[in-house]
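A short worksheet on the structure shown next.
The values are calculated or read from the model by the stated rules, or taken from the named source; none is laboratory data. In this text, all values refer to a predicted model and were calculated from it rather than measured experimentally. Please note: Cβ atoms are built from the backbone with ideal geometry, for glycine as well, and neighbour counts cover all protein chains shown.
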Amino acid sequence: MAFYLLEGSLKYSKEVADCVYNCTTCASCEEICKPMSNMIVQMGGSALKTMLPRILSPLGAELEALQSVAIMEAMRADCVDLGLQPEPLKKTAESIEKNHNPYGEPHANRTKWAEGLDIPETADTVLFVGCSTAYRRQEIAKATVKILKRAGIKFAVLPDEWCCGSILLRNGNVDIAEKMIEHNVELLKEKKVKRLVTSCAEGYMGISKDWPQLAGELPFKVMHISELLAELISGRKIKFKKPVNLRVTYHDPCHLGREMDIYDEPRAVLKAIPGLELVEMYPTMHAAWCCGAGGGVKISNPDLALEIGAAKIPFIKETGATVLASACPFCKTHFIDVIDRAKEPIEVKDITELVAEAMGV
């Protein structure tokens, strides 16, 4: 479609826009179509697939696929310019421009969850909470704060944090995204932040990949909470007090796994929790199926998002797990909806909640 649009033999229309916006931007197509992809998996499984690019890159060799997601996002930007963006996504973008979050919530409520937790507003390390965690999954924010405090990490939360802009860029609203990113970068520079930690997979990808492209080199290190937790556990800064006797399977968020190559750290965290039995759900890691919510699909086509998510239920049940864990608040929200609709006895938890439970905080 992109080729014919570029060539001029196909014109944008509502039908084209509807098709373009049904992509979850999960990057599975790019993973499947990497050169020699299937052969590499058969030779050495996912571990070899993870290691090979790191080995080849210093030698000047790459295993890069067609950048399908970037092409899709470019077509969406065209759709925005032509007024063809689906109405629910248009309203989401308007909310972010007005309220600095996609949920239509007052910006003043962004840190309401933190009341009484005595979190400073200035520190070298800042917890970038993100919109989904701040407004919809406050339990993840609270668990993260309790873990970091008990581990002795000095950190801050900024009340004037705005949307990271990732959802805007995924859906073609580039101009508004640039405003969000510019504000956040200037705020963090002003606060002289040295390390930024986020618990959101999409936020982590957006900050790590998109911010430098639009705002230049960042003067701070960016970490996903799973990376920091793995580091704290290996450094014995986190002490577990009680077993969490659960059979758990892990869902790889697309924007954390395929996009950012973070597979080992969340698993290392879960394996370190006493009593917890981690069982892999197949397909897994690079081949993991999307939850269905990404790329704005949960907003523009909620039925399709639920249908994609429901396709993972047999994989989850096959593991015998009673808990589905993830490392993304948006994945958690969507899987709660998927599992409630299917009436399955599976609980959905973020890895931070399981760590906090084992720490007794």
**Asked** Based on what the data block shows, is Thr144 within 26 Å of Lys14 (Cα to Cα), part of a helix (DSSP H, G or I), under 19 Å from the mean Cα position of the chain (by Cα) and β-branched (Val, Ile, Thr)?
**Response** no
**Asked** Across the stretch 305-314, what is the total count of residues that are surrounded by 19 or more Cβ atoms within 10 Å (Cβ to Cβ) and not in a helix (DSSP H, G or I)?
**Response** 1
**Prompt:** Quick one: how many residues across the stretch 154-178 are crowded, with 17+ Cβ neighbours inside 10 Å and either part of a helix (DSSP H, G or I) or among the β-branched types (Val, Ile, Thr) (or both)?
**Reply:** 9
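Sort through Ala77, Ala70, Ala93 and tell me the only one that's under 22 Å from the mean Cα position of the chain (by Cα) and surrounded by 19 or more Cβ atoms within 10 Å (Cβ to Cβ).
After ruling out the rest, the residue left standing is Ala93.
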**Message:** Can you confirm whether Lys317 is surrounded by fewer than 19 Cβ atoms within 10 Å (Cβ to Cβ), without any contact (Cβ under 8 Å) to a residue 24 or more places away in the chain and among the basic types (Lys, Arg)?
**Reply:** no
**Item:** Search result, residues across the stretch 287-304 that are in a helix (DSSP H, G or I) and in contact (Cβ under 8 Å) with a residue 60 or more places away in the chain
**Value:** Ala287, Val297, Ile299, Ser300, Leu304
**Asked** Does Pro102 satisfy the criteria of being in the same structural domain as Cys200 (by TED's automatic domain parsing), modelled with pLDDT of 95 or more and surrounded by 21 or more Cβ atoms within 10 Å (Cβ to Cβ)?
**Response** yes
**Complete:** Selection over the stretch 196-243 where residues are within 19 Å of Arg137 (Cα to Cα) and of a type in the set (Val, Ile, Thr) yields a count of 3
**Prompt:** Being within 23 Å of Leu169 (Cα to Cα), surrounded by fewer than 24 Cβ atoms within 10 Å (Cβ to Cβ) and among the polar types (S, T, N, Q), is that true of even one residue in the stretch 290-301?
**Reply:** yes
**Asked** If you check Leu117 against the conditions, is it surrounded by 15 or more Cβ atoms within 10 Å (Cβ to Cβ) and under 20 Å from Glu353 (Cα atoms)?
**Response** no
**Asked** If you take the residues in the stretch 211-270 that are under 21 Å from Val323 (Cα atoms) and hydroxyl-bearing (Ser, Thr, Tyr), which one is surrounded by the most Cβ atoms within 10 Å (Cβ to Cβ)?
**Response** Ser226
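Residues checked against (1) basic (Lys, Arg); (2) on the phi > 0 side of the Ramachandran plot:
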residue: Leu117; (1), (2): no, no
residue: Thr125; (1), (2): no, no
residue: Arg137; (1), (2): yes, no
residue: Ala141; (1), (2): no, no
residue: Lys146; (1), (2): yes, no
residue: Gly165; (1), (2): no, yes
residue: Leu168; (1), (2): no, no
residue: Met180; (1), (2): no, no
residue: Lys192; (1), (2): yes, yes
**Prompt:** Which condition breaks for Thr352 when tested against (1) outside any helix (DSSP H, G or I); (2) under 22 Å from Arg150 (Cβ atoms); (3) hydroxyl-bearing (Ser, Thr, Tyr)?
**Reply:** (1)
**Message:** When you check Gly172 against the structure, is it at pLDDT 95 or above and more than 23 Å from His255 (Cβ to Cβ), yes or no?
**Reply:** no
**Message:** Kindly evaluate Ala114 against the criterion of being touching a residue at least 12 places away in the same chain (Cβ under 8 Å), more than 20 Å from the chain's Cα centre (by Cα) and under 15 Å from Thr25 (Cβ atoms).
**Reply:** no
**Request:** Restrict the check to the stretch 271-286 and report whether at least one residue is among the basic types (Lys, Arg), without any contact (Cβ under 8 Å) to a residue 40 or more places away in the chain, closer than 25 Å to Val197 by Cβ and not in a loop (DSSP other than H, G, I, E, B).
**Result:** yes
